[in-house]
Amino acid sequence: MTPQLQQAIKLLQFSNAELASFLDEELEKNPLLEREDPDGSQRGDGVEDHSEGKDEAVPPDSLDYADSENIPASEDAPLDADYENLWSSNSAAEGRSEAALGPGDGPNIESLAPWGSGGRPDFSENDSRTDHALTREESLREHLSDQLTIDISDPAERVIGLHLIDTLNESGYFTGETAEIGTILGCSTEDVEAVLEKMREFDPPGIFARNLADCLALQLKDMNRLDPVIEKLLDNLDLLGKHDFTALKKLCAVDDEDFADMVAEIRTLNPKPAHAFDHDVAQPITPDVIMRQSPKGGWIIELNSESLPRVLINNQYYAKLSQNSADKSEKEFISECFNSANWLVKSLHQRATTILKVATEIVRQQDSFFMHGVQHLKPLVLRNIAEAIDMHESTVSRVTANKYMATPRGNYELKYFFTSSISGTNIGDDAHSAESVRHRIKVLIDAEVTGAILSDDRIVEILNGEGIDIARRTVAKYREALRIPSSIQRRREKSNDM
């Protein structure tokens, strides 16, 4: 794999914020690169401004559905938009700033791909060697989202859970209104309340509490220490704050020793469970893609121009340096800078095009959800999108990671519309989502009784009998992700509890 292809893959999986940081480094290293200002002009002396002739009223990086019924079927031509007027010094493509999509419409991606010899935009070759994970601490949002994926398998409930996560304040308390969330998502208040109750059992204990007393009660419940007496104390925390211990002891009907033990236990609890995480869960998310209602009906999907980093090549500066350099090493350096800049600009072009294609196909397939509500959310796997737009699954996976789309029903990470799947044991059987399989493993283990602890091999047999084709090592991986100890450890724990 060439360094240029590795760079293209890395750019594809970056969020816009990560991409901006990367481009800052490239701008420092390469004198031929110039950043394009939001108004379409370039920074730097003697640099041409290629923004003339653009229609500022119509975002050039967007796709428009004439109406929701005219969304192209998966067998129609791939969806795309023309970015040549944004990224190329060739102004011939200017004037074509938006693609209106109907059945069979939309230019073929091969005609727009800036890869020289053509070919579809596929970064799948030897991709396992080019995954670059950014090392950083897990945020509370990520911590809760992982649990949501594992513990809740229903796609509609997962979307509700995502909105609930966004309502948490800096202490980890639930500050939203379940009725308002239900209105946004097109579901009942009862549906939201049911998901909230499930998520109140998430880690860290006390998360999604409605107030301080509720937070402490959740933690005591997690420790199996919540009884009617200590509940009475929690109902009167104001007296504890006033140090009115006499009244509290009378209300709780306990003596001095029991009261002291109760107060000591409460002091061991964490009144702000979210403070264990460095990142504020409520910090705003800058979307990479914006989805909005079209005046003609349907949707317009466009890249967020405010957060989309753009760079151009200073061709005049390149020509000037080339003419004035006599030394061979200087010429080689200038040539290397030009080639690097050219490849970077083309990679950015391809990245923008690919993100827009994937986001548009997601909206096409999830149109019922956006139109009618969460109960109409369609289960998707990467393969569904990859086949529809003629890309490799690994490419779609990279595009959907760390990319957010602002929609009328809230902000979503693109990957949130997908669930990995496990095939059935028989040909023709439906695939099973990985989340549902994890949930099934948890249910089986929770139902264990002393003397009948399930080994990983036995769980495999049970799941195979239920039509789920799964390997033992996968069961072990899912069990560990659920923080469930091995069968030997569980057997010892059960014996000690007797």
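One chain, two ends: Leu237 and Asp222. Fully extended at 0.36 nm per residue, the span grows by 3.4 nm beyond their Cα-Cα distance. Projecting label points 7 angstrom from Cα along Cα→Cβ for His372 and Ser486 puts them 5.0 nm apart. Per-residue 3J(HN,Hα) values for segment 191-200, derived from phi via the Karplus relation 6.51 cos²θ - 1.76 cosθ + 1.60 with θ = phi - 60°, read 4, 5, 4, 5, 5, 4, 4, 5, 7, 6 Hz in sequence order (x marks Gly and Pro).
Computed from the C-beta positions of Ala247 and Thr268 and an R0 of 22 Å, the FRET efficiency is 0.40 to the nearest 0.05. Note on Arg35 and Asp255: with the Förster distance fixed at 60 Å, the Cβ-Cβ geometry gives a FRET efficiency of about 0.25. Pairs to check: Lys346/Lys415; Lys272/Lys378; Lys296/Lys378; Lys198/Lys494; Lys221/Lys242. Give those whose C-alpha atoms are more than 28 Å from each other in this structure. Cα-Cα > 28 Å for Lys272/Lys378; rest within. Any idea what the relative contact order of segment 212-269 is, in percent, if you count C-alpha pairs under 8 Å spaced at least 6 apart? Here the relative contact order equals 33 percent. Here r is the Cβ-Cβ distance between Ala213 and Ser188 and R0 is 30 Å; the resulting FRET efficiency, rounded to 0.05, is 0.65. The ranking of Thr178, Thr167 from fewest to most other beta carbons within 10 Å of each one's beta carbon is Thr167, Thr178. Across segment 250-264, computed HN-Hα scalar couplings (Karplus, 6.51 cos²θ - 1.76 cosθ + 1.60, θ = phi - 60°) run 5, 5, 7, 6, 10, 8, 4, 5, 5, 5, 5, 5, 5, 5, 5 Hz from first to last residue, x flagging Gly and Pro. Loop-located trypsin sites (Lys or Arg not before Pro) in segment 193-255 (DSSP state other than H, G, I, E, B) with a sparse environment of at most 11 neighbouring Cβ atoms within 10 Å: Lys242. Give me the base-10 log of I(q)/I(0) for segment 140-199 at each q in 0.15, 0.21 Å⁻¹, Debye formula, one uniform scatterer per Cα, rounded to two decimals. Evaluating at q = 0.15, 0.21 Å⁻¹ gives log10 I(q)/I(0) of -0.38, -0.76. Of Arg491, Arg472, the sequence from fewest to most neighbouring Cβ atoms within 10 angstrom is Arg472, Arg491.
Ranking of Glu302, Glu142 by neighbouring Cβ atoms within 10 Å, starting from the fewest: Glu142, Glu302.
None of the figures in this text is laboratory data; all of them are computed from the coordinates on show. Just so we're clear, the structure is a prediction, and the values are computed from it rather than from any experiment. Backbone-built Cβ (ideal geometry, glycine too); neighbour counts: all protein chains shown.
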